[in-house]
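First comes the structure, then the notes that go with it.
Please treat every number below as a calculation from the coordinates, not as lab data. What you are looking at is a predicted structure, and each value in this text was computed from that prediction instead of being measured. Cβ atoms come from the backbone with ideal geometry, glycine included; neighbour counts cover every protein chain shown.
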């Protein structure tokens, strides 16, 4: 489901480096959650540009379970029985993580940490990382739109009712077709012209 999304998120790798100017992070990493619940670490960027060990998968899972941003002020205070050895072995001090939600479900986890100082992440840092996660969610939606655009060079639409013909020859409402053929989540509203047509008493003639 997220294959196309992963490809697009790789394209923003360089743009993520701007986070080092906004947050006191030593490393930044993106974890991917597959459809079976498996977690895999994508790319990890370090401030120094040097190779690094994996960041904490345990913490990434905590963020997924919480479905919200989590900040640990000092990893040295954690109970070793509750956490795997990743953070302790790497002397991680502060750590922050936010989920990247797609269609109401976590698809990725964005993690940042500081290997030197405790209690460095403030509320504004949480807001910045949360904003970045929402930007990534928009990229996911963009991929879904691209899938729709690439279905065919020509999309058969009824000239009268505007329904779309699928590959089996059936005719589908636009919202049903989009929901079936893409990862887009459709929401509904009423345009001004239809509002006047359906509720003429709200628009008396002057």
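For this structure, a couple of remarks:
- Potential lengthening of the chain between residue 66 and residue 41 amounts to 7.1 nm, from the contour at 0.36 nm per residue minus the alpha-carbon distance.
- Sequence ranges 118-126, 31-39, ranked by mean other-Cβ count within 10 angstrom, highest first: 118-126, 31-39
- Relative packing of peptides 190-202, 56-68, 168-180 - highest average C-beta neighbours within 10 Å first: 56-68, 168-180, 190-202
- Contour minus Cα-Cα distance for residue 187 and residue 48 (0.36 nm per residue): 45.7 nm
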